[in-house]
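**Q** Got a structure for you, questions after.
The values are calculated or read from the model by the stated rules, or taken from the named source; none is laboratory data. Computed from a predicted structure; not experimentally measured. Counting neighbours? That spans all protein chains shown, and the Cβs are built from the backbone with ideal geometry, glycine included. With ligands, DNA and RNA removed, areas are computed over all heavy atoms of the protein, side chains included. Shrake-Rupley method; radii C 1.70, N 1.55, O 1.52, S 1.80 Å.
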Amino acid sequence: MKKNISITLTIIMLFIIVYFIGNGEYFVSSSQPIALNGIVTIEEKELQEKTILKLDGEWSFYPNILIASSNSFDAYESEKIPIEVPATWNSFVEPNEEGLTVGTYHVKINVPVEGEYGLYIRSIRQSNRVFINGEDVGSKGNPSETLKDFKFENDDKYTVFAPSENLMLDIVIHVGNYNYPKAGITFPIEFGTKEAIQRDFSMKILAESFVCIGYIVFGAIYIISYSQNRKRKEELFLGLFTILFGLYMSFTNEKVFFLIFTHLTINEQVRLQLGILPLVDVCLALFLYYLYPEFMRKKAIYIISILLGLLFLSMGFTTR
């Protein structure tokens, strides 16, 4: 019994450590706000010392409207309000007749030298389009004021790049949402030179890949161990659980799996993300049952497994 408890605690600690390796940056408190009244001024020394800056602070925001270009902002001056970024926009926007909420974020960045700069964007719900100095530089989904043209995007992390003009980058972000509970720019937008953003993005992908592969290798070791003696079934289900969890991790965060298999549609990505979770839970339940059979009833485990199997079929194959 003590051995099983020790194994359980060791596995829990390993999972926590590996999880924080891949996700630690999201548990670190945000940097000091650098945006004030919709303006960010970056000194040359600051850009060199901190190669990646978070554009946290007070942005300009135009609720319930998607402004076509930065040249039109003067006409909407009366609509402008300050908004904290990152944060949800729930108290600032109202759904239109079709249930859509939209808004335009605006910030100007003064840079010390002319050059190519970039943004790393994570979790702008549910769809967004980015303009820099009036140029459309990237989007996820299609934010729109009409449901006919609105399109959400499952892959919500990406980078955009543009040259500065007259030592400035004028950034406009259109955001659209349809029935998502926490919308808007909900995570920091990272800013830096093009080289710094590309390097940092590659490191994020590398770290995420390391985490996913680590889980899969860990699981494979236990399955190999079980195949040699076929006595401890908890090893089999721990191995299956860990491999499936590693695959699930590759479907989330930086979505490494979908960077490799780029042909998958949004619906197919969602089905994979949702469908694998019941399988993960089944393997976890069976692992705990065989590890602690004296505390768990076999019939209850079978019922749980059947229900999760049905959930797998429902979520994995019927999601549209």
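**Q** Here is a list of conditions, (1) open to solvent by 60 Å² or more (accessible area, probe 1.4 Å); (2) modelled with pLDDT of 80 or more; (3) of a type in the set (S, T, N, Q), and Thr318 meets all of them except one; can you say which number that is?
**A** With (1) open to solvent by 60 Å² or more (accessible area, probe 1.4 Å); (2) modelled with pLDDT of 80 or more; (3) of a type in the set (S, T, N, Q) applied to Thr318, the lone miss is (2).
Yes/no matrix, rows are residues, columns are (1) of a type in the set (D, E, K, R); (2) modelled with pLDDT of 90 or more:
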residue	(1), (2)
Tyr226	no, yes
Gly246	no, yes
Leu264	no, no
Val270	no, no
Asp281	yes, no
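**Q** I need a count of the residues in segment 124-138 that are surrounded by 19 or more Cβ atoms within 10 Å (Cβ to Cβ) and under 29 Å from Phe261 (Cβ atoms). Don't jump to the end; show me each part of the working.
**A** In the first step, residues of segment 124-138 are kept if they are surrounded by 19 or more Cβ atoms within 10 Å (Cβ to Cβ); the result is 124-132.
The next check asks that each one be under 29 Å from Phe261 (Cβ atoms); those that pass are 124-130.
Residues in segment 124-138 being surrounded by 19 or more Cβ atoms within 10 Å (Cβ to Cβ) and under 29 Å from Phe261 (Cβ atoms): 7 in total.
**Q** Among (1) open to solvent by 70 Å² or more (accessible area, probe 1.4 Å); (2) under 19 Å from Trp59 (Cβ atoms); (3) among the polar types (S, T, N, Q), where does Ser164 come up short?
**A** Only one criterion in (1) open to solvent by 70 Å² or more (accessible area, probe 1.4 Å); (2) under 19 Å from Trp59 (Cβ atoms); (3) among the polar types (S, T, N, Q) is unmet by Ser164, namely (1).
Condition check ((1) over 30 Å from Leu238 (Cα atoms); (2) among the charged types (D, E, K, R)) across all residues:
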site	(1), (2)
Leu147	yes, no
Lys151	yes, yes
Tyr158	yes, no
Asn177	yes, no
Pro188	yes, no
Cys212	no, no
Val217	no, no
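**Q** Can you list the strands (runs of 3 or more DSSP E) lying wholly within segment 145-254 that have 1 or more residues being more than 25 Å from Leu55 (Cβ to Cβ)? Write out each step before concluding.
**A** Details: elements: 157-163, 168-178, 190-193.
Strands (runs of 3 or more DSSP E) meeting the threshold: 168-178.
**Q** Let me ask you something else. Those residues that are within 25 Å of the chain's Cα centre (by Cα) and β-branched (Val, Ile, Thr), I need them from segment 87-128; list them, please.
**A** Listed by number, the residues that qualify are Thr88, Val93, Thr101, Val102, Thr104, Val107, Ile109, Ile121, Ile124.
**Q** What are the pairs with Cβ atoms under 6 angstrom where one residue, in segment 124-149, is closer than 14 Å to Val102 by Cβ and in contact (Cβ under 8 Å) with a residue 24 or more places away in the chain and the other, located anywhere, is open to solvent by 40 Å² or more (accessible area, probe 1.4 Å) and aromatic (Phe, Trp, Tyr)? Sequence gap at least six, or different chains.
**A** Matching pairs, first to second residue: Arg125/Tyr180; Gln126/Phe152; Gln126/Tyr180; Ser127/Phe152; Gly141/Phe152.
**Q** Quickly run through segment 34-45 and pick out the residues that are at pLDDT below 90 and open to solvent by less than 100 Å² (accessible area, probe 1.4 Å).
**A** Glu44
**Q** Please state which of the following conditions Leu147 fails to meet, knowing it meets all the rest: (1) open to solvent by 50 Å² or more (accessible area, probe 1.4 Å); (2) within 23 Å of Thr262 (Cβ to Cβ); (3) over 17 Å from the mean Cα position of the chain (by Cα).
**A** That leaves (2) as the condition not met.
**Q** Regarding Ile67, is this residue open to solvent by less than 50 Å² (accessible area, probe 1.4 Å), touching a residue at least 12 places away in the same chain (Cβ under 8 Å), part of a strand (DSSP E or B) and under 17 Å from Pro143 (Cβ atoms)? Before you say what the answer is, go through the steps one by one.
**A** Numbers: open to solvent by less than 50 Å² (accessible area, probe 1.4 Å): yes; touching a residue at least 12 places away in the same chain (Cβ under 8 Å): yes; part of a strand (DSSP E or B): no; under 17 Å from Pro143 (Cβ atoms): yes.
It is false that Ile67 is open to solvent by less than 50 Å² (accessible area, probe 1.4 Å), touching a residue at least 12 places away in the same chain (Cβ under 8 Å), part of a strand (DSSP E or B) and under 17 Å from Pro143 (Cβ atoms).
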